Amino acid sequence: MKEKCYETFLSKTTQDTINLGLRLANYLKGGDVVLLKGGMGSGKTTFMRGVGLFFKVREPIQSPTFIIIKPYNISKNNVFFKDHKLIHVDSYRLKKKSDFYDLGFNEIVNDKKNIIFIENPSNLMANIKAKYIVYFNINKNNNRIIKIFDKS
Ligand SMILES: Nc1ncnc2c1ncn2[C@@H]1O[C@H](COP(=O)(O)OP(=O)(O)OP(=O)(O)O)[C@@H](O)[C@H]1O
Ligand SMILES: [Mg+2]
């Protein structure tokens, strides 16, 4: 399938990547899914820190590698996102589809109050409809090349 359109960004610092996450979050509503793809240390969780800033998440955004699914409350002061949750998923450790059902992933995806980011989406999630796919690459200067595909 042909990709509709994408934009490429050069991130020279951790802060650049945080700022990009903050900007992308601005375009999201409940029910949206964003996939974050790229190698270890390429900046996916760093990008999520910007997303957390946009949604005024109070706790630090950390890699959900071991818990796999981490929900965050979104600021109650923001009327639009009242009752919504930011869900940060890392399926790196996921082995079987049944593990996913056990964690309640189906209910989470079907709840239109959730805004979902998935790091390292596994092939088990191939049929999830994403609004954006973000690709992270480290170039030879240790900068990050970040491509955002709009799939909507
Ligand atoms: N331009 C940059 N953008 C993002 N991170 C950067 C940049 N420059 C340096 N870094 C550093 O690289 C590291 C990126 O780690 P991060 O946890 O975000 O990667 P990740 O893609 O989530 O990795 P993993 O696959 O292990 O979850 C951080 O320590 C960050 O400070
Ligand atoms: Mg990570």
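Can you say whether residue 67 is assigned to a loop (DSSP other than H, G, I, E, B) and of a type in the set (A, V, I, L, M, F, W, C), as far as the supplied structure shows? Walk me through how you get there before you give the answer.
On the way: assigned to a loop (DSSP other than H, G, I, E, B): yes; of a type in the set (A, V, I, L, M, F, W, C): yes.
When the stated conditions are applied, residue 67 passes them.
Could you tell me whether any residue of segment 15-31 is surrounded by fewer than 17 Cβ atoms within 10 Å (Cβ to Cβ), acidic (Asp, Glu) and in contact with a Phe, Trp or Tyr (Cβ under 9 Å, 6 or more places away or on another chain)? No; the residues of segment 15-31 include none that is surrounded by fewer than 17 Cβ atoms within 10 Å (Cβ to Cβ), acidic (Asp, Glu) and in contact with a Phe, Trp or Tyr (Cβ under 9 Å, 6 or more places away or on another chain). All conditions in (1) in contact (Cβ under 8 Å) with a residue 60 or more places away in the chain; (2) within 15 Å of the chain's Cα centre (by Cα) hold for residue 12, with the sole exception of (2). Entry remark, segment 89-110: residues being without any contact (Cβ under 8 Å) to a residue 40 or more places away in the chain and more than 16 Å from ligand 1 (Cβ to nearest atom) number 15 in total. Considering 52, 43, the condition of being of a type in the set (Gly, Ala, Ser), crowded, with 19+ Cβ neighbours inside 10 Å and at positive phi is satisfied by 43 alone.
Taking residue 86 as the residue in question, decide whether it is at negative phi and either over 13 Å from the mean Cα position of the chain (by Cα) or without any contact (Cβ under 8 Å) to a residue 12 or more places away in the chain (or both). For residue 86, the condition - at negative phi and either over 13 Å from the mean Cα position of the chain (by Cα) or without any contact (Cβ under 8 Å) to a residue 12 or more places away in the chain (or both) - is not met. On inspection, residue 64 does not qualify as within 13 Å of ligand 1 (Cβ to nearest atom), free of Cβ contacts under 8 Å to residues at least 12 places away in the same chain, out of contact with any helix residue (DSSP H, G or I) (no Cβ under 7 Å at 6 or more places or on another chain) and not aliphatic (A, V, I, L, M). I want to confirm something. Restricting to segment 112-128 and keeping residues that are closer than 17 Å to residue 30 by Cβ and in contact with a Lys or Arg (Cβ under 8 Å, 6 or more places away or on another chain), which single residue is farthest from ligand 2 (Cβ to nearest atom)? The selected residue is 113.
Can you name every residue in segment 16-31 that is more than 23 Å from residue 92 (Cα to Cα) and either part of a strand (DSSP E or B) or within 8 Å of ligand 1 (Cβ to nearest atom) (or both)? Result: 16, single match.
Restricting 51, 34 to those that are more than 19 Å from residue 143 (Cβ to Cβ) and part of a strand (DSSP E or B) reduces the list to 34. Quick test for you: out of 11, 63, 42, 75, pick the one residue that is within 13 Å of ligand 2 (Cβ to nearest atom), over 13 Å from residue 116 (Cα atoms), out of contact with any Asp or Glu (no Cβ under 8 Å at 6 or more places or on another chain) and not β-branched (Val, Ile, Thr). Going through 11, 63, 42, 75 in turn, the sole match is 42. In this entry, residue 49 is excluded by the filter for residues that are at pLDDT 95 or above, within 19 Å of residue 152 (Cβ to Cβ) and of a type outside the set (Phe, Trp, Tyr).
The values are calculated or read from the model by the stated rules, or taken from the named source; none is laboratory data. The model shown is predicted, which means the values in this text are computed figures rather than measured ones. Quick reminder, even Gly has a Cβ in these numbers, built from the backbone with ideal geometry, and neighbours come from all protein chains shown.
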